[in-house]
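Only the coordinates and a few stated rules stand behind these numbers; no lab work does. What you see is a predicted model, and the numbers here were worked out from it, not measured in a lab. Quick reminder, even Gly has a Cβ in these numbers, built from the backbone with ideal geometry, and neighbours come from all protein chains shown.
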Amino acid sequence: MPVKPSPIDIIKLLESYDLETTKTISSEVVTADYVTSRLTVGGGLSYEDGNMVVLAGADTPLPLVAGVTYYAIIDDPLHIKVALSYVNAMAGIPIILNDNGTGTITLSKKDYYFCSVQWIADRLDNFIIPTIEKWTGFAIGRTEQHVEYHSGQGNGLMFLNYKPIVSLDEIRYVLSGAYTWVITKDAIEVIPDLGIIKARRSIETNPNIYPLFAKGDMNIKVTYTTGAVDIPKDLVEAMKYFAAEQILGMIGNRTGGGGVGLQVSKSFGNRSMYTEIRNDLARWGHSLVKSYTTSIVGA
């Protein structure tokens, strides 16, 4: 499962607004080596993993087809391989060449006309993902450990500040001063997606020591790990909506109202001609994130 959507996925979400139009950034003559499945480039142009590239020539290296968009995989400053998709390029999965082709072969680097792939990737990494992490309270694409003190309310449920829970590492009663009592984790049920731990009283439990989550002021110390290496699909989808909204905002600012072809809003408003679709995208994103957010703290 992907940690985040690709810039290509986000552009495709908005392709009905003619945002998938590409332009040529640079071109150069290249040679191919089917033994290594690499293209030799001049070294004077800059390529990055995931760059869109297009070949031209009467006899391109098979199975590559002239005019078809492929995606660069950087091998070294003088050599690249190409992948069938952006996802494959980022995973390092190249197309295997069957021959070297003949004649003059030209490689052109492409990017989207209105919004570059790098701009989208930077917006995801530097704004959208950190914002979702702040809203949801857990790490995206990694795990991290938290230590919290909660005030017991004399009931059996405790809502933690972060979710989802990967593991409940330790839970203690802070009885007085430095004196603590470790609670057996077997007596605790973890509801991972909701960020809830539930104490269960059994006949073996001493009610004088374990009255569920006993009332007290910051008397329960909880150590637990949260995060999500594999992000739920709905959060990945939310990232797409938020990024698409950001793209339309950027285009509106650049064009003095968003005049890039199809008018997609009945009213311009203060968010350019994309006012309504931007509002819709933001609402859809928030609706997907909402179930992962909580303001409930303590027992």
Handout entry: Student exercise, the chain dipole from Lys, Arg, Asp, Glu Cβ charges, in Debye to nearest 20
Key = 1000 debye
Problem - Relative contact order for the chain, counting Cα pairs under 8 Å that sit 6 or more residues apart, in percent - result: 20 percent
Exercise for the section: Search the structure for amide H atoms under 5 Å from the amide H of Ile220, placed 1.01 Å from N in the peptide plane, and list their residues when 5 or more places away or on another chain. Expected result: His150, Gly152, Val174
Practice task
With label points built 7 Å along Cα→Cβ from the Cα atoms of Thr225 and Ser151, find their separation and express it in nm.
Solution key: 3.2 nm
Completion exercise
For region 3-85, the Debye formula with one identical point scatterer on each Cα and no solvent gives log10 I(q)/I(0) at q = 0.20, 0.23, 0.25 Å⁻¹ as -0.99, -1.21, -1.35
Problem - Dipole axis of region 22-112 (+1 Lys, Arg; -1 Asp, Glu on Cβ), positive-most option in Ile25, Ala72, Leu62 - result: Ile25
Exercise for the section: Along each of the three principal axes of the Cα atoms of the chain, give the extent in whole Å, ordering the values from largest to smallest. Expected result: 87, 55, 29
Handout entry: Label point distance in nm, Ser167-Thr184, each placed 7 Å from Cα along Cα→Cβ
Key = 2.1 nm
Practice task
Could you point to the residue in Asn51, Val41, Ala178 farthest towards the positive end of the chain's charge dipole, with +1 and -1 charges on the Cβ of Lys/Arg and Asp/Glu respectively?
Solution key: Ala178
Problem - q = 0.16, 0.30, 0.31 Å⁻¹: log10 I(q)/I(0) that the Debye formula gives for region 107-147, counting C-alpha atoms only - result: -0.56, -1.02, -1.04
Exercise for the section: Multiply the residue separation of Phe127 and Leu78 by 0.36 nm, subtract the distance between their alpha-carbon atoms, and state the gained length in nm to one decimal. Expected result: 14.3 nm
Exercise for the section: Compute the distance in nm between two label points, each set 7 Å from the Cα along the Cα-to-Cβ direction, one at Asn100 and one at Ser26. Expected result: 2.4 nm
Fill in the blank from the handout: Computed ³J(HN,Hα) along region 26-40: with the Karplus parameters 6.51/-1.76/1.60, θ = phi - 60°, integer Hz and x for glycine or proline, the list is 7, 9, 7, 7, 10, 10, 10, 10, 5, 5, 9, 6, 10, 10, 8
Exercise for the section: Assuming R0 = 45 Å, can you tell me the calculated FRET efficiency for the pair Val35 and Ser176, based on Cβ-Cβ distance, to the nearest 0.05? Expected result: 0.05
Completion exercise
Checked against a 31 Å limit on the C-alpha separation, the offending pairs among Lys110/Lys290; Lys163/Lys240; Lys81/Lys290; Lys198/Lys240 are Lys110/Lys290; Lys81/Lys290; Lys198/Lys240
